[in-house]
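Everything below concerns the one structure shown next.
The values are calculated or read from the model by the stated rules, or taken from the named source; none is laboratory data. Note that the structure is a prediction, hence the values are computed from the model and not measured. Note that each Cβ is placed from the backbone with ideal geometry, even for glycine, and that neighbours are counted across all protein chains shown.
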Amino acid sequence: MMRSPELEKMPRAELEKLQIERLQEKVKDVYEKVPFYRRAFKEKEVTPDDIQTPADLKKLPFTIKLDFRDNYPYGLLAVPPEEIVRIHSSSGTTGKPIIAPYTQGDVDTWAEIMARTLATSGVTREDVLQNAYGYGLFTGGLGFHYGAELLGASVVPTSGGNTKRQILLIQDLGATVITCTPSYALILAETALDMGVDLRETRLRLGVLGAEPWSEQMRQDIEERLGIIAINIYGLTEIIGPGVSVECPHKCGMHIAEDHFLVELIDPQTEEPVPYGQEGELVITTLTKEAQPVIRFRTRDIVSLNPEPCECGRTMTRMSRVTGRSDDMLIVRGVNVFPSQIESVLLEVEGVEPHYLIVVDRKHAFKSDELEVWVEVSEDVFSDEMQKMEALEKKLRSEMDSVLGISARIKLVEPKTIARTEGKAKRVVDRSEL
Ligand code: ADP
Ligand code: ZN
């Protein structure tokens with residue numbers, strides 16, 4: 001098996017040695033083979049020889065999402081095109097999509113990383129793993145598929161959607177692990193109930209969920225409704241897809257695969273390093289990617305880092321939940337707030353379903369005086385007398401105010417009226433889209 005547990009538990013000093021060796025090699029690689037990087041290095045007056053210690057990383061230029069767009073599709077390749085065996089892409093809702101090309105070596109490394117990732121989350125070769133991440137251009141489907149097969153689990157490649165059939169398959173094939181977005185896990189539970197099936201009574205025991213921000217409250221909700229342990233997993237197309245980091249069963253931050261990904265945390269405004277424990281923007285350098293290595297990619301994801309060894313024995317740095325993407329941040333009367341913070345407040349309140357929509361006025365670049373939040377109420381509250389609804393609304397308003405310091409208009413809506421999506425949930429909408 002490819003798990004290489006010794007790597008995950010290697011002393012930090014040894015890990016850092018491995019990282020710097022791999023970094024030096026990669027930096028040389030992109031400098032020689034990718035004109036974009038050569039130019040960027042020249043602008044910063046840095047050459048591969050300047051990279052001798054981990055601290056030298058700071059000398060290198062950042063890469064941003066726009067660089068991928070500007071060089072679309074093949075401008076960032078570090079190998080001849082015939083070396084490419086697969087190409088994925090991210091959704092690209094704003095302008096040109098971003099592509100992720102893989103060599104055979106990349107596909108193999110990714111499968112190894114994902115096998116290890118799934119093992120960390122608690123999956124074993126005895127498991128029947130139903131993979132409800134979308135198959136296709138999205139990295140989720142195939143990323144999980146290859147990793148789970150390499151680990152030796154029995155993979156059921158359902159992809160997203162066709163929810164009723166998913167429920168039948170969970171029952172018939174005795175799935176023990178479900179992999180999908182957190183929001184789709186809730187749709188599975190809801191659909192199952194409509195069919196008269198209680199997922200808690202199936203063999204499902206574990207969910208490896210990610211690809212979108214979700215709160216601790218959402219985790220509790222999912223665990224209760226599906227009768228599973230829900231584990232958080234993180235990744236992104238520009239870097240590799242799923243497999244950048246994952247929680248172990250201790251659920252105390254996601255272990256980063258630091259033998260493949262070198263991370264930094266910066267203040268998104270000043271670009272200065274942020275100390276451990278504090279929040280900042282995650283910056284990732286790939287150490288082993290062949291087709292499209294990335295130097296100092298600014299993810300825009302806001303997290304904090306914890307380098308302390310974990311109870312599980314792994315020495316790999318842990319990252320916190322992603323509060324949100326820096327570009328998802330809302331500014332309400334001067335107060336910065338992420339959709340997932342609103343989610344955690346909502347879900348603390350009894351009588352509320354984990355389905356909500358945040359309505360903003362995008363014309364004003366997320367800065368708004370008025371924040372409106374639509375929340376589904378549970379069936380019993382909804383069928384109760386008006387007074388109860390009013391009390392609930394008031395409670396939500398005051399919780400938002402006292403916890404987040406923002407006043408919001410709360411609109412309670414009937415159960416099952418907010419649109420469900422099979423992949424990533426859309427939490428923030430512009431008023432004009434309604
Ligand atoms: P797109 O940009 O089209 O959404 P990706 O699938 O590459 O395409 O999305 C990666 C992004 O998804 C990450 O940068 C991060 O913002 C978000 N994401 C992925 N996993 C998680 C997670 N576990 N928690 C929060 N956000 C996540
Ligand atoms: Zn751990």
What's the total number of residues in the stretch 239-266 that are in a strand (DSSP E or B) and either closer than 24 Å to Ile170 by Cβ or out of contact with any Cys (no Cβ under 7 Å at 6 or more places or on another chain) (or both)? 15
If you check Leu186 against the conditions, is it within 17 Å of Leu226 (Cβ to Cβ), in a helix (DSSP H, G or I) and in contact (Cβ under 8 Å) with a residue 40 or more places away in the chain? yes
Restricting to the stretch 244-273, what's the tally of residues that are more than 16 Å from ligand 2 (Cβ to nearest atom) and under 16 Å from Thr323 (Cα atoms)? 4
Given the criterion within 16 Å of ligand 1 (Cβ to nearest atom), of a type in the set (D, E, K, R) and either in the same structural domain as Gly235 (by TED's automatic domain parsing) or in contact with a helix residue (DSSP H, G or I) (Cβ under 6 Å, 6 or more places away or on another chain) (or both), identify the matching residue among Asp301, Asp361. Asp301
If you go through the stretch 298-308 one residue at a time, do you hit one that is surrounded by fewer than 19 Cβ atoms within 10 Å (Cβ to Cβ), assigned to a loop (DSSP other than H, G, I, E, B), in contact (Cβ under 8 Å) with a residue 60 or more places away in the chain and not acidic (Asp, Glu)? yes
Test: Glu201 is in contact (Cβ under 8 Å) with a residue 24 or more places away in the chain, more than 26 Å from Trp110 (Cβ to Cβ) and among the acidic types (Asp, Glu): yes
So which of Gln292, Gln269 is without any contact (Cβ under 8 Å) to a residue 24 or more places away in the chain, polar (S, T, N, Q) and outside any strand (DSSP E or B)? Gln269
For the subset of the stretch 223-238 comprising residues that are touching a residue at least 60 places away in the same chain (Cβ under 8 Å) and either over 12 Å from the mean Cα position of the chain (by Cα) or assigned to a helix (DSSP H, G or I) (or both), which member is farthest from Lys289 (Cα to Cα)? Ile229
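Condition check ((1) at pLDDT 95 or above; (2) of a type in the set (Gly, Ala, Ser)) across all residues:
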{"position": "Asp259", "(1), (2)": "yes, no"}
{"position": "Gln269", "(1), (2)": "no, no"}
{"position": "Gly277", "(1), (2)": "yes, yes"}
{"position": "Leu282", "(1), (2)": "yes, no"}
{"position": "Glu290", "(1), (2)": "yes, no"}
Looking at Lys411, Lys394, which one is among the charged types (D, E, K, R), over 30 Å from Asn162 (Cβ atoms), assigned to a strand (DSSP E or B) and not assigned by TED's automatic domain parsing to the domain that holds Ile222? Lys411
